[in-house]
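Engineer: One structure is given below, represented as structure tokens, and several questions about it will come after.
What follows draws every value from the coordinates through simple rules; no lab data is involved. Model, not experiment: these values are computed from the prediction. FYI the Cβ positions are ideal-geometry reconstructions off the backbone, even for glycines, and counts take in every protein chain you see.
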Amino acid sequence: MPHFIIDCSQNILNAHSQDEIIKQVNISAISTKLFHKNDIKVRINVFKDFSTGDKKEDFIHVFANIMEGRSMEQKANLSRTIVKDLAFLLPHVPHIGANVIEFEKESYFNKNMLDPNYTFSMP
């Protein structure tokens, strides 16, 4: 936790590699001081087929999935920081956005939360 999912048009990769974009989002997230750097996970989905309104213009959008409990100001700053940093890296991209989605603590679960005595069985 947190998970940053990047959707972008394929043409963006003509200017920067997937690794560069992932690294920038990671750096942006760390800079907000909301997360420990070892907890941040970033993935990218590249789209060849898409539309942006009635045109086909390059885009990048980051979905920040974070645990609930941050203030609205902190969440807004996270989105703003990501967009600002990506706009600097990708000034030619007309559509850059980010939003924050919160996980509920009560419904979140991962493998590290399993009982250490749990044994996995193969069907």
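Engineer: Can you tell me which residue is nearest to K55 (Cα to Cα) among those in region 89-123 that are among the aromatic types (F, W, Y) and loosely packed, with under 10 Cβ neighbours inside 10 Å?
Structural biologist: Going residue by residue through region 89-123, those that are among the aromatic types (F, W, Y) are 103, 108-109, 118, 120.
This time we only want the ones that are loosely packed, with under 10 Cβ neighbours inside 10 Å, so: 109, 118, 120.
Working: F109: 40, Y118: 52, F120: 50 Å.
If we take residues in region 89-123 being among the aromatic types (F, W, Y) and loosely packed, with under 10 Cβ neighbours inside 10 Å, then F109 is nearest to K55 (Cα to Cα).
Engineer: Among the numbered criteria (1) closer than 14 Å to D7 by Cα; (2) surrounded by 18 or more Cβ atoms within 10 Å (Cβ to Cβ), which single criterion is violated by T52?
Structural biologist: Answer for T52: the failing condition is (2).
Engineer: What's the number of the only condition in (1) touching a strand residue (DSSP E or B) at 6+ places or on another chain (Cβ under 8 Å); (2) farther than 27 Å from D19 by Cβ; (3) polar (S, T, N, Q) that S71 fails to meet?
Structural biologist: Failing condition for S71: (1).
Engineer: Could I ask something else about it? Residues being surrounded by 17 or more Cβ atoms within 10 Å (Cβ to Cβ) and more than 18 Å from F103 (Cα to Cα): count how many of those fall in region 56-76.
Structural biologist: 4
Engineer: Take the residues in region 23-45 that are in contact with a strand residue (DSSP E or B) (Cβ under 6 Å, 6 or more places away or on another chain) and among the hydrophobic types (A, V, I, L, M, F, W, C); name whichever of them is surrounded by the most Cβ atoms within 10 Å (Cβ to Cβ). Talk me through it step by step, then tell me what you get.
Structural biologist: The initial filter retains those residues of region 23-45 that are in contact with a strand residue (DSSP E or B) (Cβ under 6 Å, 6 or more places away or on another chain), namely 25-26, 41-45.
From what's left, among the hydrophobic types (A, V, I, L, M, F, W, C): 25, 42, 44.
Details: V25: 25, V42: 19, I44: 18.
If we take residues in region 23-45 being in contact with a strand residue (DSSP E or B) (Cβ under 6 Å, 6 or more places away or on another chain) and among the hydrophobic types (A, V, I, L, M, F, W, C), then V25 is surrounded by the most Cβ atoms within 10 Å (Cβ to Cβ).
Engineer: Tally time: how many residues in region 22-54 are of a type outside the set (F, W, Y), in contact (Cβ under 8 Å) with a residue 12 or more places away in the chain and farther than 15 Å from T81 by Cβ?
Structural biologist: 9
Engineer: Looking at region 21-39 only, could you name the residues that are within 12 Å of M1 (Cα to Cα) and aliphatic (A, V, I, L, M)? Explain how you work it out, then say what you get.
Structural biologist: Residues of region 21-39 that are within 12 Å of M1 (Cα to Cα), as a first pass: 29, 34-39.
The answer is A29, L34.
Engineer: Quick check on region 90-98. Is at least one of its residues within 20 Å of V62 (Cα to Cα) and either aromatic (F, W, Y) or out of contact with any strand residue (DSSP E or B) (no Cβ under 8 Å at 6 or more places or on another chain) (or both)?
Structural biologist: Looking only at region 90-98, we keep the residues that are within 20 Å of V62 (Cα to Cα), and these are 90-98.
Those left that are additionally either aromatic (F, W, Y) or out of contact with any strand residue (DSSP E or B) (no Cβ under 8 Å at 6 or more places or on another chain) (or both): 91-92.
Yes, the conditions are met somewhere in region 90-98.
Engineer: Which one is surrounded by the most Cβ atoms within 10 Å (Cβ to Cβ) among residues in region 1-12 that are in a strand (DSSP E or B) and in contact with a helix residue (DSSP H, G or I) (Cβ under 9 Å, 6 or more places away or on another chain)? If you could, list the steps in order and put the result at the bottom.
Structural biologist: Of region 1-12, the ones in a strand (DSSP E or B) are 3-9.
With the extra rule that they be in contact with a helix residue (DSSP H, G or I) (Cβ under 9 Å, 6 or more places away or on another chain), the set shrinks to 4, 6, 8.
Values: F4: 23, I6: 22, C8: 25.
Once the filter is applied, the top-ranked residue is C8.
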